[in-house]
Amino acid sequence: MEPAAKKWHGKGLLTRALLLGVAALALRLLYGAFVTVGGGWAPDPAVPSTAAVGRRTHAQAAAAAGSPEAWRSHGWRLAVEFHAEVLGRHLADGLLAPSSRAVCLGGAQQALALRELGVAGAVAVARRRSPPLAVAGDDRRLPFEPSSVDFVFAGRALDSSKRPADLAGEAARILRPEGHLVVLTSSAADAYSLRSLQALFPSLRLARSREINCPDASTLRELVFQKLQPTTASTSTENSANNCTIGDHKMELLSHAEPLILEEPLKPWLTLKRNIQNIKYLPELADISFKRRYVYVDLGSRSYGSSIGSWFRKQYPKQNHTFEVFAIEADPTFHPDYATRKGVTLLPYAAWVKNDTLSFEINGDPGKEDEAKASGRGMGRIRPTAGKKMSGKVRSVQAFDFAEWLKQTVSEQDYVVMKMDVEGTEFDLIPRLFDTGAICLVDEVFLECHYNRWQRCCPGERSPKYQNTYEECLELFSSLRESGVLVHQWF
């Protein structure tokens with residue numbers, strides 16, 4: 001071969017070698033990138049074996065799982081790493097094992113984190129099915145049999161759910177006895193909201209709690225629950241229903257409540273009305289998100305505009321929750337006003353300590369002349385048939401056991417606000433609420449206490465309508481607060 005030809009041939013071999021090297025490197029990089037992100041969709045594989053394995057790399061777990069486009073972002077990967085760190089402790093502590101059947105309620109990244117930790121059968125629940133990491137389900141129905149899951153990781157699903165009570169009930173349903181549920185939340189920072197969250201799981205006990213620092217410098221509370229055996233859970237539920245104890249979560253709120261007016265006001269129609277500006281509402285002191293329902297009960301509601309429309313719906317802070325409203329009013333004059341009111345259930349009876357027929361008196365109430373004049377109707381009050389002689393217009397009305405009705409209507413999982421303006425019957429109803437344990441179902445009380453106060457019409461004279469004194473009213477308010485009830489002086 002000629003020297004020129006040899007030289008050309010050598011250059012050709014070198015060029016081809018370089019091209020082959022570049023092609024091989026490109027293929028290697030493409031393959032690595034494909035494995036790292038999970039490489040597109042694959043046919044829906046069978047659920048992998050749950051045999052014990054060591055922690056797999058992200059590439060191994062993702063390649064085995066397959067991933068849609070949304071799973072390829074950097075933020076998604078950071079979420080996987082965060083949850084792997086959180087869940088790794090529970091694997092080390094034995095709360096779950098590689099063979100556990102684990103369900104995640106907060107997203108597919110949680111299921112992938114568990115798979116990386118070796119829990120190969122982990123699966124997430126999402127609105128849309130995304131095999132193999134996510135199955136379709138919602139807050140009201142998780143697609144698993146009762147007591148069929150060893151470990152439930154709720155993540156922050158309860159924080160974001162519009163129906164946290166329904167989701168909590170479903171999580172408890174699918175969890176086997178002695179299985180564990182882990183919740184992450186930013187909303188249980190105070191004792192009240194923490195107790196509210198615990199109340200969503202009556203068949204579980206709180207095993208432990210800790211603070212977790214997040215990558216964004218925020219802090220979450222981690223709560224670990226364990227499901228009780230059926231016999232233990234039923235006994236615990238019965239005891240909580242029959243033995244009402246107002247816990248520290250409500251006592252803590254009272255330290256932030258406005259002080260009671262200790263000295264009897266000379267002009268109560270002004271002092272008590274102005275006091276509304278000082279009220280510290282419960283939703284301003286704590287998070288009320290972890291509740292099944294939101295209920296407002298107005299005892300002695302009179303017309304819709306008297307307090308429901310003019311105060312509760314316009315001024316009470318509701319944290320964007322919709323309240324069911326119950327109006328309890330015995331005076332039939334006001335009943336037609338509720339016929340067209342949406343979201344209001346009228347109970348056309350008198351609230352009392354038992355089911356009975358009572359005498360109902362319509363008379364003026366000192367200090368409320370303006371309201372009586374506007375409605376063309378005096379204030380109504382009840383007394384048992386054998387009570388004192390009445391001086392106003394009297395008629396018979398049906399009364400019902402308010403405490404028993406309350407126990408049948410709401411539960412500890414509900415948020416209940418009560419306004420009580422019952423013309424002196426509070427001295428009968430409040431003790432009954434304590435005796436029956438129904439007081440524990442009420443979160444916040446607005447109570448107007450009726451006493452022989454100074455009359456607006458007649459300076460220096462007290463009202464003859466009520467026999468109780470301001471000191472007795474103050475004693476009633478004080479006893480409520482000392483028992484842990486967030487009660488406010490109403491007008």
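When ligands, DNA and RNA are left out and all protein chains stay put, how many square angstrom of accessible area per residue does the stretch 72-227 have with a 1.4 Å probe?
Numbers: 6240 Å² over 156 residues.
Counting only protein heavy atoms, the per-residue value for the stretch 72-227 is 40 Å².
Between Ser147 and Gln229, what is 0.36 nm times their sequence separation minus the Cα-Cα distance? Round to one decimal in nm. List each step's numbers first, then the result.
Working: separation 82, 0.36 × 82 = 29.52 nm, distance 1.09 nm.
Full extension from Ser147 to Gln229 adds 28.4 nm.
Using 1/(1 + (r/R0)^6) with R0 = 30 angstrom and r between the beta carbons of Ala339 and Arg163, what's the FRET efficiency to the nearest 0.05?
On the way: r = 31 Å, r/R0 = 1.02.
That gives a FRET efficiency of 0.45.
On the accessible surface of the stretch 248-489, probed at 1.4 Å, how many percent belong to carbon and sulfur atoms? Write out the running numbers ahead of the final one.
On the way: 5340 of 10990 Å².
Looking at the stretch 248-489 in its full context, I get 49 percent from C and S.
What is the calculated FRET efficiency for Asp435 to Ile212, with r their C-beta to C-beta distance and R₀ = 56 Å, to the nearest 0.05?
Numbers: r = 43 Å, r/R0 = 0.77.
Efficiency computed from Cβ-Cβ geometry: 0.80.
Per residue of the stretch 451-458, in order, report the coupling 6.51 cos²θ - 1.76 cosθ + 1.60 (Karplus, θ = phi - 60°) as ³J(HN,Hα) in whole Hz, putting x for Gly and Pro.
8, 7, 6, 5, 8, 6, 6, 10
Mind grabbing the base-10 log of I(q)/I(0) for the stretch 85-153 at q = 0.15, 0.21 Å⁻¹? Debye formula, identical points on the C-alpha positions, no solvent, two decimal places.
-0.43, -0.82
Express in nm, to one decimal, how much length is gained between Gln315 and Glu252 on full extension, taking 0.36 nm for each residue of separation and deducting their alpha carbon distance. The partial results should precede the final answer.
Numbers: separation 63, 0.36 × 63 = 22.68 nm, distance 2.39 nm.
Stretched fully, the Gln315-Glu252 segment lengthens by 20.3 nm.
Which entries in the list Lys162/Lys342; Lys250/Lys280; Lys162/Lys318; Lys227/Lys291; Lys162/Lys314 go over 18 Å, if you measure between the two C-alpha atoms of each?
Working: Lys162/Lys342 22 Å; Lys250/Lys280 14 Å; Lys162/Lys318 15 Å; Lys227/Lys291 20 Å; Lys162/Lys314 23 Å.
Going by Cα-Cα distance, Lys162/Lys342; Lys227/Lys291; Lys162/Lys314 fall outside the 18 Å limit.
For the residue pair Ser483 and Glu461, what label-to-label distance in nm results when each label sits 7 Å from Cα along the Cα-to-beta-carbon direction?
Distance between the two pseudo-spin positions: 3.6 nm.
Using only Cα atoms, what Kirkwood radius does the stretch 248-489 have, in angstroms?
Working: mean 1/r = 0.0538 Å⁻¹.
About 18.6 Å for the stretch 248-489.
Just need the Rg to Rh number for the stretch 72-227, please, alpha carbons only, Kirkwood Rh. Walk me through the numbers on the way to the answer.
Details: Rg = 14.3 Å, Rh = 15.4 Å.
Taking Rh as the inverse mean 1/r over Cα pairs, Rg/Rh reads 0.93.
The values are calculated or read from the model by the stated rules, or taken from the named source; none is laboratory data. Treat the numbers as computed from the prediction; the structure is a model and nothing was measured. Don't worry about glycine lacking a Cβ; one is built from the backbone with ideal geometry, like all the others, and counts go over all protein chains shown. Heads up: the accessible areas ignore ligands, DNA and RNA and are worked out on the full protein's heavy atoms, side chains in. Shrake-Rupley method; radii C 1.70, N 1.55, O 1.52, S 1.80 Å.
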